[in-house]
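Shown next, in structure tokens, is the structure this report addresses.
Coordinate-derived values only; no laboratory data. Keep in mind the model is a prediction, meaning the values are calculated, not measured.
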Amino acid sequence: MNNSYPGGFMYESITVVGERGQITIPKTIRDLEGIKAKDRVIVKIEDNKIVVEKALDKKEKEALMKEYFTKYSEIHKKINKEWEVVDKEANRFLDDY
């Protein structure tokens with residue numbers, strides 16, 4: 001859940017666990033997080049707390065992956081260039097040795 005809402009407040013509510021382990025996420029929280037009927041959520045334990053967060057849809061996942069691979073590709077190119085310089089310096093050093 002995102003707890004950085006305007007004004008920096010956090011919202012909490014008490015809900016009941018049904019016989020089948022189901023809970024109802026309060027409407028205020030669903031609205032704040034943009035959770036609609038049939039949306040998928042992730043339920044996990046984090047720091048000994050049960051955390052429920054909206055799962056990313058396919059387009060959001062693809063956008064994040066594209067962003068990651070774009071950044072990774074740029075970093076990889078920089079590292080390769082640095083290794084080329086190191087390789088040349090090492091070869092020159094070894095040739096002089």
Ignoring everything except DSSP H segments at least 4 long, calculate the 222 nm mean residue ellipticity for the chain; use -39,500 (n - 2.57) per segment, divide by total residues, nearest 500. -16500 deg cm²/dmol
Under 19 Å Cα-Cα from Lys66, which aspartates and glutamates qualify once same-chain neighbours fewer than 8 residues away are excluded? Asp57, Glu74
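Starting from the alpha-carbon convex hull of the range 56-97, give the projected area averaged over all orientations, in nm². Display every interim value, and only then the final one.
Details: hull surface 12.1 nm².
One quarter of the hull surface, i.e. the mean projection, equals 3.0 nm².
Quick one: Cα convex hull volume of the chain, Å³ per residue? Please report the intermediate quantities before stating the final value.
Values: hull volume 20.3 nm³, N = 97.
Cα-based convex hull of the chain, divided per residue, equals 209 Å³.
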Take the Cα pairs of the range 6-54, get the Kirkwood Rh, then feed it into Stokes-Einstein at 37 °C and 0.692 mPa s and tell me D in µm²/s. 266 µm²/s
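Can you tell me, using C-alpha contacts under 8 Å and at least 6 residues apart, the relative contact order of the chain as a whole percent?
On the way: 44 pairs, mean separation 15.3, N = 97.
So the answer I get is 16 percent.
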Would you mind calculating the gained length between Asp57 and Glu82 on full extension (0.36 nm times residue separation, minus the Cα-Cα distance), in nm to one decimal? 5.2 nm
